[in-house]
Amino acid sequence: MTMFLLLVQDVYYLEALRYARKNNVNSVRPLLFLEAAYASHDSQHLAAVLRFFSDFIPGFKNTTDHNTYFRILAEMNSSIAV
C-alpha cells in the first residue's frame, strides 16, 4: 500500500491505478485520484480516472464524486472546443 500512495503523491496516479488493478488493491479512494487528475489540467487523464472507477467500483456512476468530476470534465472539453 505504501508504494501505491507514493505513486499518487508523486503525480503518477495513472500508474497507481494500474498498480491497484493488477494487485487487487481494494481500498482505493476515488477522490484522491480525481483531484490529482483535475490538477493536471489534462481532460484525457480525468476521463481515464473516471472510466477506471466506473469500471472498478460498482455504483460509482451514482456518486457525488462521479457527478462532480463528470461535470468538470464536460466543462474542460467544452472550453477546449471553443
Handout entry: Residue that is modelled with the highest pLDDT, among those in the stretch 1-39 that are under 20 Å from PRO58 (Cα atoms) and assigned to a loop (DSSP other than H, G, I, E, B)
Key = ARG29
Problem - Check on SER54, surrounded by 15 or more Cβ atoms within 10 Å (Cβ to Cβ), farther than 14 Å from PRO30 by Cβ and either touching a residue at least 12 places away in the same chain (Cβ under 8 Å) or of a type outside the set (S, T, N, Q) (or both) - result: no
Handout entry: Subset of the stretch 57-73 (residues that are surrounded by 12 or more Cβ atoms within 10 Å (Cβ to Cβ) and of a type in the set (Val, Ile, Thr))
Key = ILE57, THR63, THR68, ILE72
Practice task
Tell me which residues, restricted to the stretch 61-82, are under 21 Å from ARG18 (Cα atoms) and either modelled with pLDDT under 95 or of a type in the set (Lys, Arg) (or both).
Solution key: LYS61
Problem - Residue that is within 9 Å of the chain's Cα centre (by Cα), free of Cβ contacts under 8 Å to residues at least 40 places away in the same chain and either buried (at least 18 other Cβ atoms within 10 Å of the Cβ) or farther than 21 Å from ARG18 by Cα (or both), where the choices are ALA37, ALA47 - result: ALA37
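The values are calculated or read from the model by the stated rules, or taken from the named source; none is laboratory data. Please read these numbers as outputs of a predicted model, since none were measured by experiment. Don't worry about glycine lacking a Cβ; one is built from the backbone with ideal geometry, like all the others, and counts go over all protein chains shown.
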